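Peer 1: Okay, handing you the structure first.
The values are calculated or read from the model by the stated rules, or taken from the named source; none is laboratory data. Given the structure is predicted, the values throughout are model-derived calculations rather than measurements. FYI the Cβ positions are ideal-geometry reconstructions off the backbone, even for glycines, and counts take in every protein chain you see. SASA here: full protein model, heavy atoms, side chains in, ligands and nucleic acids out. Shrake-Rupley method; radii C 1.70, N 1.55, O 1.52, S 1.80 Å.
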Amino acid sequence: MDSRYNPAEIEEKWHKTWDELGLNRTDTNSAKPKFYSLGMFPYPSGSLHMGHVRNYTITDVIARLKRMQGYRVLHPMGWDAFGLPAENAAIDRGVLPGKWTYQNIEQMRSQLKRLGLFIDWERELATCSPDYYRWTQWIFLQFFHAGLAYQKEAAVNWDPVDQTVVANEQVDSEGRSWRSGAIVERKLLRQWFLKITDYAEELLQDLDKLPGWPERVKLMQANWIGKSTGAYLEFPIVDSQDKVAVYTTRPDTVYGVSYVVLAPEHPLTMQVTTPENKPAVAAFIKEVANQSELERTAEDKPKRGMPTGGYVINPFTGEKVPIWIADYVLYEYGTGAVMGVPAHDARDFKFAKEQNLPIQVVIIPEGGDPAAKLTAAYTEPGVLVNSQQFDGMASGDAKQAITEYAQTQGFGQPRVQYRLRDWLISRQRYWGAPIPIIHCPECGAVPVPEADLPVVLPEEVEFSGRGGSPLAKLADWVNVPCPSCGTPAKRETDTMDTFIDSSWYYLRFTDAKNETQPFAREKVNDFMPVDQYVGGIEHAILHLLYSRFFTKVLRDRGLLNFDEPFQRLLTQGMVQGLTYMNPNKADKDKWVPTYLVDPKDPRDPKTGEPLKLVYATMSKSKGNGVAPEDVIAKYGVDTARMFILFKAPPEKDLEWDEADVEGQFRFLNRVWRLVTEFINNPQAAKDSHNSTHPQSKSEKDLRRSIHTAIKEISEDVEDGYQFNTAISELMKLSNALADADCQNSPVYREGIETLLILLAPFAPHISEELWHLLGNQDSVHTQNWLKHDPAALITDEITLVIQINGKRRGDLPAPASLDKTGLEQFARESEIAKKYIEGKEIKKVIVVPGKLVNFVVAG
Ligand code: ANZ
Ligand code: ZN
């Protein structure tokens with residue numbers, strides 16, 4: 001028999017056979033429990049990178065394992081195929097977005113197929129295909145009918161380079177768009193929103209139903225939702241019927257209000273401004289309108305503002321308080337107005353100092369001096385002073401008492417506030433799902449009738465360059481009669497945020513071919529929720545929050561019957577490669593692509609400065625990527641998988657290291673040799689039936705190793721997918737086989753078979769090939785996962801420690817069968833004991849069975 005391991009040959013062969021046998025298809029035998037293993041679907045950029053390979057290797061191992069453990073497994077794949085890069089390609093290269101996208105899908109599909117993953121390709125979907133986005137549009141209409149999709153004039157983040165709106169969450173901490181990297185501007189536009197705020201409380205509460213999610217992801221979601229509790233208080237405007245409503249988390253400080261501040265965009269701003277202040281206020285409003293939210297709220301920036309000349313009355317004191325406007329008050333949060341309490345809020349303190357506004361202390365530390373001068377805001381809890389009937393009360397109690405008082409007096413009430421905003425979903429872009437709405441001059445926004453879905457995205461369009469949606473220029477497409485009254489009307493030309501497409505794709509996989517509904521209720525309820533979801537931490541907030549929101553809305557529409565889409569979540573670490581870094585530079589500028597550097601004398605090609613070699617997340621710009629196809633060509637898929645799984649636990653970053661890749665290749669070669677030598681041994685046992693009665697010490701030892709491996713690996717994969725330690729156990733088992741002295745025994749055959757079954761989910765091709773070389777007709781992947789035999793783990797030898805007067809003098813192997821008396825006798829006769837007790841009086845012997853014998857001697 002050929003003793004050479006040739007991965008390329010066997011991998012291709014088994015892909016074909018598995019396909020023919022349909023092993024990768026979803027088992028629909030409903031007698032089995034279900035398991036849904038899902039990796040976050042990729043954007044079809046055109047080439048598979050190592051992060052993808054890691055992601056889908058993890059879900060594949062889980063899928064294969066669960067399958068062997070008796071589950072019917074759903075492990076699908078699709079394409080998150082709408083989005084801006086396709087449009088940019090159209091602009092830059094003149095290729096139609098649809099064509100570009102489908103070509104990329106072709107290419108990535110064949111790269112994925114080369115990995116031999118057990119993916120049910122019959123359920124493949126692409127979000128840009130009309131048979132998918134038809135249902136995206138249908139779901140949008142569900143939101144619309146539920147009153148959860150609405151239009152509103154909004155100050156939006158405008159990306160001046162890509163000429164599109166980006167959501168708040170798509171702007172980074174420096175105020176840059178995640179798309180183009182340009183600093184975003186503010187612009188007023190009529191936009192579509194989804195009312196995710198209606199679900200804020202449930203999205204927060206239900207995090208408790210997700211014990212299988214990483215704590216840090218749940219914390220990020222909770223912070224994003226940002227629940228706070230406080231009070232809503234109304235300050236009547238002097239000489240007006242109107243009131244300024246504020247939201248405060250510190251009603252206990254209301255006697256310390258020095259001023260109230262309106263957001264410049266607040267509708268009352270111009271009304272309260274006195275004529276002489278109007279020009280300055282109007283100019284200020286205009287200026288602020290161009291700033292991003294981040295600029296306005298940055299901690300380190302001076303707070304800018306000005307008086308309006310108007311006043312309110314503090315309803316608690318009856319005092320007149322000036323109304324200001326300032327950039328740090330955001331129109332979209334709370335009521336868009338705040339009460340300024342400089343003594344107890346850091347931001348107000350700064351502002352009052354800068355603007356020379358009075359500072360009135362109303363909370364002091366227990367036993368503190370009410371007259372002491374503040375050098376900074378006192379923001380800790382304390383005792384109330386200068387607060388009339390509330391003086392002397394603890395600030396915590398005062399929050400409630402003051403809110404209750406306001407409520408009985410009719411100028412306030414308790415209020416819960418969330419930082420979460422409604423989700424802005426309209427994009428002035430082409431390559432997305434058209435929003436299925438027709439704007440009629442008579443009826444307003446009219447939904448496209450369900451029978452007319454999908455609203456097809458015209459494929460042949462002209463890209464004249466960036467700026468505006470090409471859809472708006474297609475008169476034939478835009479102009480349609482109103483579905484309700486027949487008046488000439490216009491289609492909505494905005495398309496949906498691509499996060500909408502990915503908010504429900506996991507549902508579609510349960511019934512991907514359905515032509516009459518997005519999914520059948522019984523199918524979605526059968527396979528959902530996803531049992532194990534795997535993807536990058538970059539999706540910790542948005543994608544996961546949106547998906548949870550969609551699930552809850554669809555549940556409330558009666559389309560499905562579960563509360564949460566993803567039972568367990570694994571956020572995989574990044575794949576890192578070695579790259580050069582200039583330690584004198586910051587951020588993006590510090591990376592120098594490896595291909596520009598002479599490894600013998602690594603220097604910055606621009607400045608000549610010496611460079612450091614470090615691990616960093618693989619990326620094109622750093623030039624430190626390792627192409628999956630190169631690794632596969634050199635070592636095969638199984639080695640790539642083994643390396644990825646062995647090098648780091650799935651949630652940790654993984655440092656690509658060629659030497660370790662080779663190490664795994666050598667291991668697989670060892671397995672190959674071990675099994676082929678066994679096959680070539682004419683005396684080898686023909687079956688392993690009698691292996692349960694090992695006779696010789698070698699047989700017993702080997703059998704213990706076999707069942708230890710089964711036990712340990714089963715625990716490792718159950719317990720947080722510790723694939724790295726599982727692979728260590730496989731290595732131990734292969735060593736035990738190599739060292740065993742019973743090649744002809746049925747136990748040895750049991751060992752070989754066990755090794756292949758346990759290896760199968762990790763290195764599926766080599767284990768299948770060897771399984772067949774062993775003479776098996778069926779697939780190793782249809783074998784049942786193994787259960788360990790507890791009897792095999794029992795050792796018949798213990799290590800006995802000998803003590804003299806409690807002091808350890810040595811140890812020796814002893815038969816496990818000995819009882820207390822037998823052990824004492826055995827210990828007395830040992831060389832160690834003889835040496836120490838000869839000629840001495842033994843006063844007492846203490847025996848701990850299985851462990852030690854202690855001789856207490858005199859003298
Ligand atoms: C008076 C006060 C006194 C406040 C004090 C704090 C300390 P969270 O916890 O994030 O909900 N605030 C309210 N609406 C605002 C807006 N639209 N723009 C900017 N700031 C706003 O924060 C609530 C607190 O943030 C509120 O409580 C308010 O200031 C401010 F010693 O009211 B506070
Ligand atoms: Zn109409």
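Peer 1: Using a Förster distance of 25 angstrom, determine the FRET efficiency expected from the C-beta separation of Asp206 and Gln517, and round it to 0.05.
Peer 2: For Asp206 and Gln517, the calculated efficiency is 0.45.
Peer 1: Find the relative contact order for the chain and round it to a whole percent, using C-alpha pairs within less than 8 Å whose residues are 6+ positions apart. Display every interim value, and only then the final one.
Peer 2: On the way: 1563 pairs, mean separation 105.3, N = 859.
So the answer I get is 12 percent.
Peer 1: So, in nm, how far is label Asn6 from label Asn744 when the simple model puts each one 7 Å beyond its Cα toward the Cβ?
Peer 2: 3.3
Peer 1: Asn669 to Arg557: FRET efficiency via 1/(1 + (r/R0)^6), r the Cβ-Cβ distance, R0 35 Å, to the nearest 0.05? Could the numbers behind the result be given before it?
Peer 2: Values: r = 56 Å, r/R0 = 1.60.
Once the sixth-power term is evaluated, E becomes 0.05.
Peer 1: Could you tell me what a quarter of the Cα convex hull surface of the range 1-157 works out to, in nm² with one decimal place? Could the numbers behind the result be given before it?
Peer 2: Numbers: hull surface 59.3 nm².
Averaged projected hull area, Cα only: 14.8 nm².
Peer 1: In Å², what does the accessible area per residue of the chain work out to with a 1.4 Å probe?
Peer 2: Values: 37850 Å² over 859 residues.
Roughly 44 Å² per residue, with all protein chains present.
Peer 1: Within the range 764-806, what residues put their amide N at less than 11 Å from the label point 7 Å along the Cα-to-Cβ vector of Glu718?
Peer 2: Only 787-788 pass the distance filter.
Peer 1: Starting from the Cα gyration tensor of the range 461-557, multiply each eigenvalue by 5, take the square root, and state the resulting semi-axes largest first in whole Å.
Peer 2: On the way: eigenvalues 223, 84, 30 Å².
For the range 461-557, the semi-axes come out at 33, 21, 12 Å.
Peer 1: Same structure, new question: Give, in whole angstrom and from largest to smallest, the semi-axes √(5λ) of the equivalent ellipsoid of the range 654-716, with λ running over the eigenvalues of the Cα gyration tensor. Could the numbers behind the result be given before it?
Peer 2: Working: eigenvalues 170, 69, 16 Å².
Output for the range 654-716: semi-axes of 29, 19, 9 Å.
Peer 1: Of the cross-linked pairs Lys634/Lys711; Lys647/Lys787; Lys732/Lys835; Lys218/Lys732, which ones have a Cα-Cα span greater than 31 Å in the structure shown?
Peer 2: Values: Lys634/Lys711 33 Å; Lys647/Lys787 26 Å; Lys732/Lys835 38 Å; Lys218/Lys732 38 Å.
Where the Cα-Cα span goes over 31 Å, the pairs concerned are Lys634/Lys711; Lys732/Lys835; Lys218/Lys732.
Peer 1: Compare the Cα positions of Leu471, Val288, Ile757 along the charge dipole of the chain (+1 at Cβ of Lys, Arg; -1 at Cβ of Asp, Glu; about the Cα centre) and return the one farthest towards the positive end.
Peer 2: Ile757
Peer 1: Simple spin-label model, 7 Å along Cα-to-Cβ: Ser30 to Thr617 in nm?
Peer 2: Going by the 7 Å Cα→Cβ label model, 4.4 nm.
Peer 1: Work through the residues other than Phe284 whose Cβ is under 10 Å from its Cβ and net out their charges, Lys, Arg +1 and Asp, Glu -1.
Peer 2: Result for the neighbourhood of Phe284: 0.
Peer 1: Something else now. Provide, for q = 0.21, 0.22, 0.23 Å⁻¹, the log10 of I(q)/I(0) from a solvent-free Debye sum over equal Cα point scatterers in the range 762-859.
Peer 2: -1.00, -1.06, -1.12
Peer 1: Reachable aspartates and glutamates from Lys552, Cα under 13 Å, same-chain residues fewer than 8 places away excluded?
Peer 2: Straight-line reach from Lys552, under 13 Å: Asp198, Glu201, Glu202, Asp206, Asp563, Glu564.
Peer 1: Could you bin all the Cα-Cα distances of the range 689-786 into 5 Å bins starting at 0 and give me the percent of pairs in each, rounded to whole numbers?
Peer 2: Going from the shortest bin to the longest, the percentages are 2, 14, 24, 24, 21, 12, 3, 0.
Peer 1: Taking the chain as the region of interest, what is the percent of Cα-Cα pairs per 20 angstrom bin, listed from the shortest bin to the one with the maximum distance?
Peer 2: 12, 33, 31, 18, 6, 0
Peer 1: Compute the projected area of the convex hull of the Cα atoms of the range 343-451, averaged over all viewing directions, and report it in nm² to one decimal place.
Peer 2: The number I arrive at for the range 343-451 is 14.5 nm².
Peer 1: Express in whole angstrom the spacing between the alpha-carbon centres of the range 146-192 and the range 241-260.
Peer 2: Their Cα centres are 31 Å away from one another.
Peer 1: To the nearest 10 degrees, how steeply does helix 50-68 sit against the main Cα axis of the chain, on a 0 to 90 scale?
Peer 2: Taking Cα atoms only, the helix is inclined about 60 degrees.
Peer 1: How much net charge surrounds Tyr405 when only the other residues with a Cβ under 14 Å from the Cβ of Tyr405 are counted, with Lys and Arg +1 and Asp and Glu -1? Working shown, then result.
Peer 2: Values: positive: Lys399; negative: Glu234, Asp252, Asp391, Asp397, Glu404.
Spelling it out: positives minus negatives among the neighbours equals -4.
Peer 1: Could you list the residues of the range 255-297 with an amide nitrogen less than 16 Å from a label point located 7 Å from the Cα of Asp242 in the Cα-to-C-beta direction?
Peer 2: Zone members listed by number: 260-279, 281-282, 285.
Peer 1: Let me ask something additional. Write down the Kirkwood hydrodynamic radius of the range 179-335, to one decimal in angstroms, obtained as one divided by the mean of 1/r over all alpha carbon pairs. Please list the in-between numbers first.
Peer 2: Details: mean 1/r = 0.0547 Å⁻¹.
It is 18.3 Å.
Peer 1: In whole percent, what relative contact order does the range 1-137 give with Cα contacts below 8 Å and a gap of six or more residues? Can you show the working numbers first?
Peer 2: Numbers: 159 pairs, mean separation 42.3, N = 137.
In percent, rounded to a whole number, it is 31.
Peer 1: Work out the length of the dipole vector of the range 704-792 about its Cα centre, built from +1 on the beta-carbon of each Lys and Arg and -1 on the beta-carbon of each Asp and Glu, and round it to the nearest 20 debye.
Peer 2: On the way: 5 positive and 14 negative charges, 28 e Å.
The calculated dipole for the range 704-792 is roughly 140 debye.
Peer 1: Straight-line reach from Lys834: which aspartates and glutamates have a Cα under 17 Å away, not including same-chain ones fewer than 8 places off?
Peer 2: Reachable aspartates and glutamates: Asp811, Glu824.
Peer 1: Kirkwood hydrodynamic radius (Cα pairs, Å) of the range 512-603?
Peer 2: Working: mean 1/r = 0.0579 Å⁻¹.
Kirkwood radius, the range 512-603: 17.3 Å.
Peer 1: What does the charge count near Lys227 come to, summing +1 for each Lys or Arg and -1 for each Asp or Glu among other residues with Cβ under 15 Å from its Cβ?
Peer 2: Details: positive: Lys218, Arg415, Arg419, Arg421; negative: Asp198, Glu201, Glu202, Asp206, Asp208.
Net charge around Lys227: -1.
Peer 1: Now, a different point. Tell me, what is the FRET efficiency for Asp526 and Lys320 to the nearest 0.05, using R0 = 56 angstrom and their Cβ-Cβ distance as r?
Peer 2: Plugging the Cβ-Cβ distance into 1/(1 + (r/R0)^6) gives 0.25.
Peer 1: How big is the shadow of the Cα convex hull of the range 56-98, averaged over all directions, in nm²?
Peer 2: Numbers: hull surface 16.8 nm².
Result: a mean projected hull area of 4.2 nm².
Peer 1: Kirkwood hydrodynamic radius, the range 175-216, all distinct C-alpha pairs: what's the number in Å? The partial results should precede the final answer.
Peer 2: Working: mean 1/r = 0.0708 Å⁻¹.
After inverting the pairwise mean of 1/r, the radius is 14.1 Å.
Peer 1: Another question, then. As I understand it, the value is the acute angle between the Cα axis of helix 637-647 and the longest principal axis of the Cα atoms of the chain; what does it come to in degrees, rounded to 10?
Peer 2: The two axes meet at around 80 degrees.
Peer 1: Label Val848 and Glu332 with points 7 Å out from Cα along Cα→Cβ: what is the distance between them in nm?
Peer 2: A separation of 6.5 nm, rounded to one decimal place.
Peer 1: Gap in Å between the Cα centre of the range 512-530 and the Cα centre of the range 821-856?
Peer 2: So the two Cα centres are separated by 71 Å.
Peer 1: Further, regarding this structure: Give the angle, between 0 and 90 degrees and rounded to the nearest 10, that separates the Cα long axis of helix 97-114 from the longest principal axis of the Cα atoms of the chain.
Peer 2: Tilt of helix 97-114: around 20 degrees.
Peer 1: Gap in Å between the Cα centre of the range 4-32 and the Cα centre of the range 409-450?
Peer 2: Result: 47 Å between the Cα centres.
Peer 1: Using a 1.4 Å probe on the protein heavy atoms, what percent of the accessible area of the chain belongs to carbon and sulfur?
Peer 2: Details: 18850 of 37850 Å².
Answer for the chain is 50 percent, counting heavy atoms of protein chains only.
Peer 1: For Thr229 and Lys652, compute 0.36 nm times the residue count separating them, minus their Cα-Cα distance, and round to one decimal in nm. Before the final figure, lay out the partial values.
Peer 2: Numbers: separation 423, 0.36 × 423 = 152.28 nm, distance 3.66 nm.
Stretched fully, the Thr229-Lys652 segment lengthens by 148.6 nm.
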